[in-house]
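The values are calculated or read from the model by the stated rules, or taken from the named source; none is laboratory data. These numbers were taken from a predicted model, which means no experiment stands behind them. Virtual Cβ from ideal backbone geometry, glycine too; neighbours counted across all protein chains shown. These area figures cover heavy atoms from the full protein model, side chains too; ligands, DNA and RNA do not enter into them. Shrake-Rupley method; radii C 1.70, N 1.55, O 1.52, S 1.80 Å.
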Amino acid sequence: MAEIRQLPKGYSDTPVLPDSQWRVHDIDRPAPPLVTPPTFSSQERSGLPPSDAIVLFDGSSLNAWAGRDGGPAAWNLLADGAMEVAPRTGNIQTRETFGNCQLHVEWSAPTEITADSQGRGNSGVFLLGLYEVQVLDGYDNPTYADGLPAAIYGQHPPLVNACVPPGHWHVYDIVFESPVFAAGELVSPAYMTVFHNGLIVQHRQAIQGPTQHRRLASYEDPHGPKGPLVLQDHGDRVRFRNIWIRPIERFSAT
Ligand code: MG
């Protein structure tokens, strides 16, 4: 076997960085934890979550989810590893609560089309149960821009419409930062970054307050940094699969 050349593992004679206690290439700076990354999904099958994710849905059960009364989630568990909205049974929410996080969700809209605009494949992903990333069949389906899929509903349209046809799987990768309140006052709004099918559609957008329909949002009701993840029953048989979340305590490395 060829000899491996040994090179410096860092330095202790370099300048201190302006935004931290560490030097440039600091030999003592803690190494980030090792994580096995996720694998990509195909249309036919789900990928695998990263090693440090909390798996919220992998096709085996709805145990991580509750219905509106706190009882079992009443949505349909399908044989192919997806779950499906059971219309008019209500939203479902995680039993665990989350704050700052990276969230991965896959969804597909029904192939049977019975309405247009907001009546076609409508669902939603609500961070903290309050801040909606819209789920909608936006494929050749005109509707208001801030109600398109991957819109921060009622506030920020996506930068592009990355929709695939109904029946195909979509991927949302979301980074969420909880709003911060102190003494009942807003200190920092919520921020959201969203990739839709691999395309950046929201880049650290400041959110104006909990999602509203036909009115302005505001932060008039202060709340804690965590809440359940909620999936919306808007009456359409939208499917979900491969849902995982990584709580992020701090967005900067030490
Ligand atoms: Mg919705």
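Summary table
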read-out: LEU56 long-range amide H proximity, modeled H, under 5 Å; value: ILE243, TRP244, ILE245
read-out: Rounded to whole Hz, the Karplus (6.51, -1.76, 1.60) HN-Hα couplings of region 140-155, x for glycine and proline; value: 6, 9, x, 7, 5, 4, 7, x, 5, x, 6, 6, 7, 3, x, 10
read-out: Table column - 3J(HN,Hα) (Hz), region 40-55, Karplus curve with 6.51, -1.76, 1.60, x for Gly and Pro; value: 6, 8, 10, 4, 7, 8, 5, x, 9, x, x, 5, 9, 8, 8, 7
read-out: For region 78-87, Karplus couplings with θ = phi - 60° (6.51, -1.76, 1.60), whole Hz, Gly/Pro x; value: 9, 5, 8, x, 10, 10, 9, 4, 9, x
read-out: Unit charges on C-beta of K, R, D, E only; dipole of the chain, Debye; value: 140
read-out: Accessible area (Å², per residue) of the chain, counting only protein heavy atoms and a probe of 1.4 Å; value: 55
read-out: Highest-first arrangement of 179-187, 103-111, where packing means the average Cβ count within 10 Å; value: 103-111, 179-187
read-out: Percent carbon-and-sulfur accessible area, region 1-110, ignoring ligands, DNA and RNA, probe 1.4 Å; value: 54
read-out: TYR191 - accessible surface, heavy atoms, 1.4 Å probe, Å² rounded to 10; value: 50
read-out: Formal net charge of residues neighbouring SER41 (Cβ-Cβ distance under 10 Å; K, R +1; D, E -1); value: 0
read-out: Gyration tensor verdict on the chain (Cα atoms; rounded if a/c is under 1.5, prolate if a/b is larger than b/c, oblate otherwise); value: prolate
read-out: Global geometry of region 102-150, whether rounded, prolate or oblate, following the gyration tensor of its Cα atoms and the 1.5 cut on a/c; value: prolate
